[in-house]
Amino acid sequence: MVGAALSLAGRDLRLALRQRSDAGTVVLFFVLIAALFPLAIGPAPDVLLRIAPGVIWVTALLAVLLSLERLFLADFEDGSLELLALAPTPLSLLVLAKCLAHWLTTGLPVVLAAPVIALLYGLGADAFLPLIGAMLLGTPSLSLIGAIGAALTLGARRGGVLVPLLVLPLYVPVLILGALAVDAALAGRPATPHLLLLGALLLAALPLAPLAAAAALRQAVE
Amino acid sequence: MPLHRFANPGRFMRLADRLLPWTGGLSALAIGVGLYLGLFVAPPDYQQGESVRIMYVHVPSAWMALFVYTCVALASAVALIWRHPLADLAAKASSPIGAAFTFLALVTGSLWGKPMWGAWWVWDARLTSVLVLFFLYLGHMALMTAFEDPARGRKAAAVLALVGFVNVPIIKFSVDWWNTLHQPASVLRADGPSIHPEMLWPLLAMALGFKLYYVSLLLVRIKSELIEARLRALNRVAMASAPAAQQGG
């Protein structure tokens, strides 16, 4: 059962590797939008430092959002989603596998690109580690919660515009906690409470989000 | 569960027609009594003076925003588990009402906040989570109508409503869990209401009136959904038989 799920994740990864440009587009979007703010607000370093945590997190959110539509769409259109729904492996486990592949191709590149943005905003070394830690804990939750939105809008008219509307209210806790973690580190306070809460959110999302997404997927293929 | 009797549209419409004059009339009475007590009889606040009277609209609207979302989540659960045909119609009909109450709560809160706090809006836990609730309502309404097949839209919206229900306890306890500018709970608390009875009674009357108003509006909207479904079915029958009649005639 777990083997089937892992082979699904492997297949998604192989497909994503064949189209390396997709992951690259996400990272490029992330860096580009984050680079726009200093151009618009001006290069004053204290201002940039002040807005850095928020900007990094919001642009990471938007970058992940950009790639969510494609999570189930290809499988839905060529009919493999119906086969997945009929498989003996529980659909929620398969959704978890797809979310893992999605995170490896979207969330993880964003986390790896975050230090570049931190550099552009003059974020000090003491905030680096909390930033990476918070993003490592937060981005998987973004993939998981986003999977619910992607599953709900399969086959909808203008589904691409609908996914952000559905998913962003649910992203708010991750955004707030992630930005607070980096803020706390910048102010010299421990970021541990926020990181622990982010971890708690991830642990709650890991079983619950695939369940909700699987229920939504079953409605899409019925 | 005898509720499946009312899955029959005709039976439901007859029940709704019998209930509506009562719920509508009692709602008007309760709101009238509540407004009279709240605006004229209840004492002004020792700190806020007369502007505390916005509370008699703001607090019941906020209560209704949460209550209606709970109803939507409950109806969604019933629709997904027992597949009662009226349950997802009830969720579809309730959602815009809840969104309107949330909007009313946000606007009246804003109007109250300007003289009291000096700001139209603050990003504290209570206000932020109610704003998230408003977006959840709008997303629910958008998802409902996003599909060609209305049944698919209702089912997808049911899943969304259940996922978003986690926001409701967050809103309720936000004033306890976080350091908020919004005042803590004074009515639904473990130690009982801490508000003066002269202010509590108008509040409860308005809350009852708003609830009965919601029920009346819900009955009317479900009736119109059922009539719409009947019209669609009649249209389909008419269009299916028209060409045959043309060929025969």
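Which ones in segment A:196-216 are out of contact with any Ser or Thr (no Cβ under 7 Å at 6 or more places or on another chain) and more than 10 Å from chain B (Cβ to nearest Cβ)? Hits for segment A:196-216 are A:Leu196, A:Leu197, A:Leu198, A:Gly199, A:Ala200, A:Leu203, A:Leu206, A:Pro207. Among the residues of segment B:129-150, the one identified as surrounded by fewer than 18 Cβ atoms within 10 Å (Cβ to Cβ) and farther than 21 Å from A:Gly159 by Cα is B:Leu131. Evaluated against (1) under 18 Å from A:Val111 (Cα atoms); (2) surrounded by fewer than 15 Cβ atoms within 10 Å (Cβ to Cβ); (3) of a type outside the set (Lys, Arg), A:Leu65 falls short on exactly one condition, (2). Filter segment B:30-72 for residues that are surrounded by fewer than 20 Cβ atoms within 10 Å (Cβ to Cβ) and among the hydroxyl-bearing types (Ser, Thr, Tyr) and give the result. Those that are surrounded by fewer than 20 Cβ atoms within 10 Å (Cβ to Cβ) and among the hydroxyl-bearing types (Ser, Thr, Tyr): B:Tyr36, B:Tyr46, B:Ser51, B:Thr70.
Within segment B:177-203, being touching a helix residue (DSSP H, G or I) at 6+ places or on another chain (Cβ under 8 Å) and part of a helix (DSSP H, G or I) holds for B:Trp177, B:Glu198, B:Met199, B:Trp201, B:Pro202, B:Leu203. How many of the residues making up segment B:160-194 are within 22 Å of the chain's Cα centre (by Cα), within 14 Å of chain A (Cβ to nearest Cβ) and not hydrophobic (A, V, I, L, M, F, W, C)? Here the count works out to 4. Under the condition of being of a type in the set (Gly, Ala, Ser) and within 14 Å of another protein chain (Cβ to nearest Cβ), the residues counted in segment A:144-195 number 10.
Of B:Leu80, B:Leu104, all but one fail to be in contact with a Lys or Arg (Cβ under 8 Å, 6 or more places away or on another chain), crowded, with 17+ Cβ neighbours inside 10 Å and assigned to a helix (DSSP H, G or I); the exception is B:Leu80. Taking segment B:120-154 as the range and being part of a loop (DSSP other than H, G, I, E, B), under 18 Å from A:Leu217 (Cβ atoms) and more than 8 Å from chain A (Cβ to nearest Cβ) as the test, only B:Asp149 passes. Only one of the listed residues (A:Ala204, A:Ala209, A:Ala187) is buried (at least 17 other Cβ atoms within 10 Å of the Cβ) and out of contact with any strand residue (DSSP E or B) (no Cβ under 8 Å at 6 or more places or on another chain). That residue is A:Ala209. In segment A:65-83, the residues that are hydroxyl-bearing (Ser, Thr, Tyr) reach residues that are modelled with pLDDT of 90 or more with C-beta atoms within less than 6 angstrom, at least six apart or across chains, in these pairs: A:Ser67/A:Thr106.
Of the residues in segment A:103-121, at least one is over 23 Å from A:Ala35 (Cα atoms), aliphatic (A, V, I, L, M), surrounded by fewer than 22 Cβ atoms within 10 Å (Cβ to Cβ) and more than 14 Å from chain B (Cβ to nearest Cβ).
Kindly evaluate B:Ala157 against the criterion of being within 18 Å of A:Leu217 (Cβ to Cβ), part of a helix (DSSP H, G or I), more than 9 Å from every other protein chain (Cβ to nearest Cβ) and of a type in the set (Gly, Ala, Ser).
No.
The values are calculated or read from the model by the stated rules, or taken from the named source; none is laboratory data. Fair warning: this is a prediction, and the values are worked out from it, not measured in the lab. Every residue, glycine as well, gets a Cβ built from its backbone with ideal geometry; the counts of neighbours run over all protein chains shown.
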